[in-house]
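The values are calculated or read from the model by the stated rules, or taken from the named source; none is laboratory data. Model, not experiment: these values are computed from the prediction. With ideal geometry, Cβ positions are generated from the backbone for all residues, glycine too; neighbour counts draw on all protein chains shown.
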Amino acid sequence: MKCLCLPCAILAAAFATSICEAQTAPPAPAYDNPVVLEWTPPALAELSSLAAVKESFTLDRDMLRVAAGALPDGEVPTRQAIGKLDGVSVHLLRFGAAGVPDEGAVNAIRDAYHLRGWKHLVTTSQGGGPVKNGTIHNGTTDVWMVMDGINVRGAVILAETPKSVTLVTVAGNLSPIDILHLRGHFGIPKIDGDLDHATAR
């Protein structure tokens, strides 16, 4: 399969999804708060109980405004993207030398967002790391979004490495491009280079 860069994969999947839905479905109702930052899949609590180090925090609009003001002058697009956020919730789990103890729980997190109707846009895998479950990998990142037309009302990024799991939920009124500008901030992984594979479902 031909490799694609992550930004192109996210943008293509997001816009294709929104255009398809606009043609085949009635207009989506307006929601004041379609994304509940406090909600996480039950499987995350199971993994959290097994983590050697864990940290969770939520940033509201006021906190995000302060964070945006601390960015360098050259990061205007990122400041603008942060200004469109209603909140960010981050959960960081770190495990010992044995790595993530229950891959089934990680898959259950993925399934939970699928069952809630979130659009799964991208899965990326980076190879070259330790062998785990018969596969050589350094990590996997999944991206889901809640779309309102061509706008993004919320997104979830699940990043798994052999020894960590990070779950980030963002809520706001953004474009897919805004999501790209948020990479590398608030626990959202910054992934460069080509994908080994990208899927949209």
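Observations, loosely collected:
- Residue in region 70-77 that is surrounded by 12 or more Cβ atoms within 10 Å (Cβ to Cβ) and either in contact with a Ser or Thr (Cβ under 8 Å, 6 or more places away or on another chain) or not in a helix (DSSP H, G or I) (or both) present: yes
- Positions within region 142-156 being buried (at least 23 other Cβ atoms within 10 Å of the Cβ) and in contact with a helix residue (DSSP H, G or I) (Cβ under 9 Å, 6 or more places away or on another chain), in sequence order: Val143, Met145, Val152, Ala155, Val156
- Selection status of Gly99, over 21 Å from Phe186 (Cβ atoms) and either among the small types (Gly, Ala, Ser) or assigned to a strand (DSSP E or B) (or both): yes
- Put simply, of Leu167, Leu158 the only residue that is at pLDDT 90 or above, in contact with a His (Cβ under 8 Å, 6 or more places away or on another chain) and among the hydrophobic types (A, V, I, L, M, F, W, C) is Leu167.
- Hits in region 12-65 - residues which are at pLDDT 90 or above and among the acidic types (Asp, Glu): Glu46, Glu55, Asp60, Asp62
- Number of residues in region 102-137 that are at pLDDT below 80, outside any strand (DSSP E or B) and within 24 Å of Ser48 (Cβ to Cβ): the value is 4.
- Flag for Leu59 being touching a residue at least 40 places away in the same chain (Cβ under 8 Å) and either acidic (Asp, Glu) or under 17 Å from Arg183 (Cα atoms) (or both): yes
- Extreme residue, farthest from the chain's Cα centre (by Cα), among residues of region 78-121 that are of a type in the set (S, T, N, Q) and buried (at least 18 other Cβ atoms within 10 Å of the Cβ): Thr78
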